[in-house]
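Colleague: One structure, pasted below without further comment.
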Amino acid sequence: MSQIILASQSPRRKMLLEWAEIPFEVVVADIDEVYPKTLSKQLVPEYIAANKALATKDKISNSDVCIIAADTIVLLNDEILGKPKDTADAIKSLEKLSGKMHEVITGVAIYYKDQMHQLSQTTKVRFHSLTKEQIEFYVTNYKPFDKAGAYAIQEWIGVIGIESIQGDFYNVMGLPVSTLVQKIKELGVI
């Protein structure tokens, strides 16, 4: 088995890889999460994940490792709802999502044996109509400022607010872990 590096600070991605019993270590390189405005929004997560993987590769002296990076976006009516800047921005994002279906797209980049392999997974999530009080309670108590779309499905808002989900639940948490495991098996990493 090759050494695996998770190029992410996300505690959720770390937890999901641990649940899959994949041995890894975390090495992170900070990047600006920018992308060409002409890029299809569905490809944004793969683009950012690839940049994370390449920046992390530059910090590692051992070239015989597998680097896994990921990025997740929330897409509503062709608008990317990123990580909220503040409380008002988080409330605004959740008000937009209330009562609507949106897509959660996670792009994964796997840098292995000097080659970049990419994949993405899309999950459709529909919220019930949320009250102003529910939204404010969630933002005040759970502080979802490090989460795309200003929510985490595994927290209170997901328990009381999600009407339906089509696709991989763990993808919404930030990593389509079963698809990733299949891909790294296919590549001979594990």
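Colleague: Can you pull out the residues in the range 143-178 that are farther than 28 Å from I68 by Cα and assigned to a helix (DSSP H, G or I)?
Modeller: Scanning the range 143-178 gives W156, I157, V159, I160, G161.
Colleague: Which is among the β-branched types (V, I, T), assigned to a strand (DSSP E or B) and modelled with pLDDT of 95 or more, of I48, I4, I91?
Modeller: Selected residue: I4, the only one of I48, I4, I91 that is among the β-branched types (V, I, T), assigned to a strand (DSSP E or B) and modelled with pLDDT of 95 or more.
Colleague: Ok, one more. Restricting attention to the range 77-106, which residues are of a type in the set (A, V, I, L, M, F, W, C) and surrounded by fewer than 16 Cβ atoms within 10 Å (Cβ to Cβ)? Don't jump to the end; show me each part of the working.
Modeller: Our first condition is that a residue be of a type in the set (A, V, I, L, M, F, W, C); within the range 77-106, this holds for 80-81, 88, 90-91, 94, 97, 101, 104-105.
Across the range 77-106, the qualifying residues are I80, A88, M101.
Colleague: Follow-up question, since we're still on this one. State all residues of the range 9-21 that are in a loop (DSSP other than H, G, I, E, B) and modelled with pLDDT of 95 or more; if no residue qualifies, say none.
Modeller: A20, E21
Colleague: Here's another thing I want to ask about it. Which of (1) modelled with pLDDT of 95 or more; (2) surrounded by fewer than 17 Cβ atoms within 10 Å (Cβ to Cβ); (3) of a type outside the set (V, I, T); (4) under 26 Å from K14 (Cβ atoms) is the odd one out, the single condition D114 does not satisfy?
Modeller: Of (1) modelled with pLDDT of 95 or more; (2) surrounded by fewer than 17 Cβ atoms within 10 Å (Cβ to Cβ); (3) of a type outside the set (V, I, T); (4) under 26 Å from K14 (Cβ atoms), only one is false for D114: (1).
Colleague: Same structure again: Go through the range 158-186 and give me each residue that's of a type in the set (A, V, I, L, M, F, W, C), surrounded by 15 or more Cβ atoms within 10 Å (Cβ to Cβ) and farther than 11 Å from V125 by Cβ.
Modeller: Residues satisfying the conditions are M173, L175, V177, L180, V181, I184.
Colleague: Also: Name every residue in the range 152-189 that is under 16 Å from the mean Cα position of the chain (by Cα), touching a residue at least 60 places away in the same chain (Cβ under 8 Å) and within 15 Å of L94 (Cα to Cα), in order of residue number.
Modeller: A152
Colleague: What's the number of the only condition in (1) modelled with pLDDT under 95; (2) over 14 Å from the mean Cα position of the chain (by Cα) that L97 fails to meet?
Modeller: All conditions pass for L97, except number (1).
Colleague: Can you name the number of the only condition in (1) free of Cβ contacts under 8 Å to residues at least 40 places away in the same chain; (2) under 22 Å from Y170 (Cα atoms); (3) surrounded by fewer than 19 Cβ atoms within 10 Å (Cβ to Cβ) that S40 fails?
Modeller: S40 satisfies all of (1) free of Cβ contacts under 8 Å to residues at least 40 places away in the same chain; (2) under 22 Å from Y170 (Cα atoms); (3) surrounded by fewer than 19 Cβ atoms within 10 Å (Cβ to Cβ) except (2).
The values are calculated or read from the model by the stated rules, or taken from the named source; none is laboratory data. The structure presented is a predicted model; accordingly, all values stated were derived computationally and were not measured. Counting neighbours? That spans all protein chains shown, and the Cβs are built from the backbone with ideal geometry, glycine included.
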